[in-house]
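See structure below.
A short reminder: the numbers here are calculations on the coordinates, not readings from a lab. As the structure is a computational prediction, the values presented were derived from the model and not from experiment. So basically every Cβ, Gly included, is an ideal-geometry build from the backbone, and we count neighbours across all protein chains shown.
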Amino acid sequence: MAKIFFKPDNLHLECEDGTRLIDFCDESPDVSLCFGCTEGSCGVCELTVLKGNENLSKVTEEEKEYLLKEDLENGMRLGCQLTIRKGEIELTWKKNRAK
Ligand code: FES
């Protein structure tokens, strides 16, 4: 089981190793992270990994294309591209009013 802290929602949740973040968020109505295109091209799901980037799936081509290199280096990722591998992870993102 991986442990994820969703900072903007102040939520600590446990997640089965190998789960896609988008699926986990779908099943966790209290998580306010939003998704749009779901395929790495709109940026709606942009987030920053505060801890545990090594516990997430590798950066995809879509992320490399959408995000700036320096943003990637600072832990920015696209939520729709992420799979939770294991361990402890902390995520944050800019909350919007939509949800
Ligand atoms: S939902 Fe569009 S980039 Fe992730």
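Just a yes or no: is a residue in region 65-72 among the acidic types (Asp, Glu), within 13 Å of the ligand (Cβ to nearest atom), out of contact with any helix residue (DSSP H, G or I) (no Cβ under 8 Å at 6 or more places or on another chain) and without any contact (Cβ under 8 Å) to a residue 24 or more places away in the chain?
Of region 65-72, the ones among the acidic types (Asp, Glu) are 65, 70-71.
Those left that are additionally within 13 Å of the ligand (Cβ to nearest atom): 65.
Subset that is out of contact with any helix residue (DSSP H, G or I) (no Cβ under 8 Å at 6 or more places or on another chain): 65.
Then drop every residue that is not without any contact (Cβ under 8 Å) to a residue 24 or more places away in the chain, which leaves none.
Checking region 65-72: not a single residue is among the acidic types (Asp, Glu), within 13 Å of the ligand (Cβ to nearest atom), out of contact with any helix residue (DSSP H, G or I) (no Cβ under 8 Å at 6 or more places or on another chain) and without any contact (Cβ under 8 Å) to a residue 24 or more places away in the chain.
Does at least one position in region 77-86 carry a residue that is assigned to a strand (DSSP E or B) and either farther than 23 Å from Asp17 by Cα or touching a residue at least 60 places away in the same chain (Cβ under 8 Å) (or both)?
To start, the set of residues in region 77-86 that are assigned to a strand (DSSP E or B) comprises 77-78, 83-84.
Subset that is either farther than 23 Å from Asp17 by Cα or touching a residue at least 60 places away in the same chain (Cβ under 8 Å) (or both): 83-84.
Yes, region 77-86 contains a residue that is assigned to a strand (DSSP E or B) and either farther than 23 Å from Asp17 by Cα or touching a residue at least 60 places away in the same chain (Cβ under 8 Å) (or both).
Just checking, how many residues over region 51-62 are in contact with a helix residue (DSSP H, G or I) (Cβ under 7 Å, 6 or more places away or on another chain) and either under 16 Å from Thr92 (Cα atoms) or among the β-branched types (Val, Ile, Thr) (or both)? Break it down stepwise before answering.
We begin by selecting, within region 51-62, every residue in contact with a helix residue (DSSP H, G or I) (Cβ under 7 Å, 6 or more places away or on another chain); these are 59-60, 62.
In the following step, the residues that additionally are either under 16 Å from Thr92 (Cα atoms) or among the β-branched types (Val, Ile, Thr) (or both) were identified as 59-60.
Result for region 51-62: 2.
Does Leu47 qualify as being in contact (Cβ under 8 Å) with a residue 60 or more places away in the chain, crowded, with 16+ Cβ neighbours inside 10 Å and within 13 Å of the ligand (Cβ to nearest atom)?
Details: in contact (Cβ under 8 Å) with a residue 60 or more places away in the chain: no; crowded, with 16+ Cβ neighbours inside 10 Å: yes; within 13 Å of the ligand (Cβ to nearest atom): yes.
For Leu47, the condition - in contact (Cβ under 8 Å) with a residue 60 or more places away in the chain, crowded, with 16+ Cβ neighbours inside 10 Å and within 13 Å of the ligand (Cβ to nearest atom) - is not met.
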